[in-house]
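Asker: Encoded as structure tokens, here's the structure I'll be asking about.
The numbers here are math on the coordinates, done by the rules we state, and not lab data. Quick caveat, the model's predicted, so the values are computed rather than measured. Don't worry about glycine lacking a Cβ; one is built from the backbone with ideal geometry, like all the others, and counts go over all protein chains shown.
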Amino acid sequence: MKSLWSQLQSNLMPLLINEYSGDSLLNGLNTKLKGLERLLCIPAVIQNKLVGLVAVANADRRYGDHDLELIKRVVAMFSMAIRHLQDDEQLLTQQCRLRDLAAQLSVAEEQKGRAIAEELHDSVGQYLSMASQRLKMLRVDQPPPAATLDQSIDLIDRAINKTRLLTVQLNPPVLYLLGLEAAMEWLTENSQESLGLEIEVHDDGREKPLSDSVKAFVFRAIIELLRNVVKHSGTQKAEVHLASKGDRLAITVKDRGRGFNIEAGLPFDGSSFGLFSIEQRIISFGGSFQVHSNLGAGTKAVMLVPLAGAKSENG
């Protein structure tokens, strides 16, 4: 015996019964409902799938086309509400998946950065140092002037310094040994050479315990935001503010450059994706990220991340 639900599921058609006993529509159905005389049942269908039903029974008069149309309207609103709930659930699932992917990407970037830093230090840096030393030894035997040789040595020394800067940016030992504040002090001293930017760091002096993963991400995110300053602001100065706010660390990167229309967004040159990636990664930590900007008034990016031991908003 088929159930009423199975019947509706198979044909997805309304069921209108005014005489319960002996109605041909009920043949073969398990409908032993006590006291049932009249029944009007409309299936709620989404993408050819039965998701619910609305039924009324035992009116003091026979059901007609007017009743059928009225219940159909109710079912349409019911189906729309279910569809919206499904869309919201799908959106939430996609957002969670996107944040997971952003977190995986960030971890992969950190691991790759460490690997590249080790390779730069162990091979490229060593080769350049050896070449510089040999050229300097060769210069001793050269009669003056040896301008070309001096220029070659100078270029190699610059390459060595640049390699060291890149190595530290990719895998800063000071960050893991002494913390974010010490890493920012190093960045301040080397920002002109490594980023082409003069930065001021303002620290509230309070303790800021961070896990290694959050610490590494925050440092890279600050560098990414400072690079955006170089690309878009039209100024060579920026400020970084570090402040503990309850169980969160607030990191603010701001400039007094040209600014931009926040509603229009950044031009798609990688900067917009960089900001999106930062936002998704911070959300995965249980923090937040906001960018404030106006034309002619500069730009301010604010990151809030949980301090070590703080409860994540995402569980």
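Asker: Can you give me the distance in nm between label points at L12 and A159, each placed 7 Å from the Cα along the Cα-to-Cβ direction?
Answerer: Between L12 and A159, the simple spin-label model gives 6.8 nm.
Asker: Oh, and also: Simple spin-label model, 7 Å along Cα-to-Cβ: R258 to C96 in nm?
Answerer: 4.3 nm
Asker: Continuing with the same structure: How much net charge surrounds R258 when only the other residues with a Cβ under 15 Å from the Cβ of R258 are counted, with Lys and Arg +1 and Asp and Glu -1?
Answerer: Residues near R258 contribute +4 overall.
Asker: Restricting the calculation to Cα positions, tell me the Rg (one decimal) and the Dmax (whole number) of the range 177-315 in Å.
Answerer: Answer for the range 177-315, Rg first and Dmax second: 14.5, 41 Å.
Asker: Then there is this: State, to one decimal in nm, how far the label point of H241 lies from the label point of S288, with both points 7 Å from Cα in the Cβ direction.
Answerer: 1.6 nm
Asker: What is the extension gain from E89 to Q126, computed as 0.36 nm multiplied by their sequence separation minus the C-alpha to C-alpha distance, in nm to one decimal?
Answerer: So the extension gain works out to 7.9 nm.
Asker: When Lys and Arg each count +1 and Asp and Glu each count -1, what net charge do the other residues less than 14 Å away from K208, Cβ to Cβ, add up to?
Answerer: Within the 14 Å Cβ shell, the charges total -3.
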